[in-house]
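Okay, structure first, notes after.
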Amino acid sequence: MAVIDSQVHAYAANTPDRPWHTVPNWPDHVTGDEMVAAMDKVRVEGAIFISAFSMYRYDASYAVQVQRMHPGRFALVKPVDPDDPAVADAVADWKKTPGTVGIRIMMTREAGREPNDPGLDRILRAAVRHDFPVNLLCWGNLDAGTALIDRHPDTRFIIDHLGIMQPRTPPAPPQPWADLPKVLDLARRPNAVIKVSGACTLSREPYPYADIWDPLARVFDAWGFERCLWGTDWTRAYAVLSYDQAVEAFRQTDRLSESELAMLMGGACAKAYAWSPKSG
């Protein structure tokens, strides 16, 4: 089964022609070609390319450009704007764009949105209409995220980054898994799956991050491997670990069977996004 990374961010350098909205602690550039080279090095056949909100906000033009160059390697997800009164049209246009497989909404505390936000309602109704799953970033705000999922039982949600706040720089916080009980409770929602993305950044140990496996075992038990999507969250995780380490920590573990690993590192992602990479 193909290995699919459920979350990567590629981007061009910060220039006047394509300026960044903010400047995170990421490399100066990780172009589409550079992302493909990193994937090739560790035999990752495909990835879900999430247009980087911190840099490009709701403009996914760079992601579209990269996907045209590497159509068999990347599928596209972009953030959509709840404050745009025409956001339903934006979702419809995105559906017509080659290579698109979903949309994303931000529901962190900083976003300041309630589960009954009318803009979110518009987005989630449009997602159902166009058969798009919705990536939901609600780390640090799981109660509100859960309420939103319960409010929209017909929408398919993909929970970003285990629903758990993850550091951009080491070390991990003293209690990185404090929200795990809420994550396990969320598994009872049949319209949600979860990304096991960026998990290595929650480790307080060096590679191969042995301390992540006991809490992850509880996630796998609650959600089932067919609802868990492995991912690196490269390049957000850049200051914590290398791309190779984020891949090999999972590929080399003795905590999973071959069939469990195949589902986690590709099968569940292919199912959730209805997409598989193609060579050539």
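The values are calculated or read from the model by the stated rules, or taken from the named source; none is laboratory data. These numbers were taken from a predicted model, which means no experiment stands behind them. In this analysis, Cβ positions are derived from the backbone assuming ideal geometry, glycine residues included, and neighbour counts consider all displayed protein chains.
Assorted remarks:
- Looking only at residues of segment 1-15 that are at pLDDT 95 or above and not in a strand (DSSP E or B), we find that the one that is surrounded by the fewest Cβ atoms within 10 Å (Cβ to Cβ) is 13.
- If you filter segment 3-43 down to residues that are over 18 Å from residue 244 (Cβ atoms) and among the aromatic types (Phe, Trp, Tyr), you find that the one that is nearest to the chain's Cα centre (by Cα) is 11.
- In segment 100-119, the residues that are within 22 Å of residue 6 (Cβ to Cβ) and in contact with a helix residue (DSSP H, G or I) (Cβ under 8 Å, 6 or more places away or on another chain): 100, 101, 102, 103, 104, 105, 106, 107
- In segment 195-213, the condition of being under 20 Å from residue 108 (Cβ atoms), at pLDDT below 95 and among the charged types (D, E, K, R) is met by no residue.
- Residues of segment 137-160 that turn out to be in contact with an Asp or Glu (Cβ under 9 Å, 6 or more places away or on another chain), surrounded by fewer than 24 Cβ atoms within 10 Å (Cβ to Cβ) and of a type outside the set (S, T, N, Q), as a count: 9
- Check on residue 168, at pLDDT 95 or above and surrounded by fewer than 20 Cβ atoms within 10 Å (Cβ to Cβ): no
- Under the condition of being assigned to a loop (DSSP other than H, G, I, E, B) and not hydrophobic (A, V, I, L, M, F, W, C), the residues counted in segment 121-132 number 2.
- Only residues that are β-branched (Val, Ile, Thr) and surrounded by 24 or more Cβ atoms within 10 Å (Cβ to Cβ) were counted in segment 39-65, giving 3.
- So residue 135, is it touching a residue at least 12 places away in the same chain (Cβ under 8 Å), outside any loop (DSSP other than H, G, I, E, B) and either under 27 Å from residue 215 (Cα atoms) or touching a Lys or Arg at 6+ places or on another chain (Cβ under 8 Å) (or both): yes
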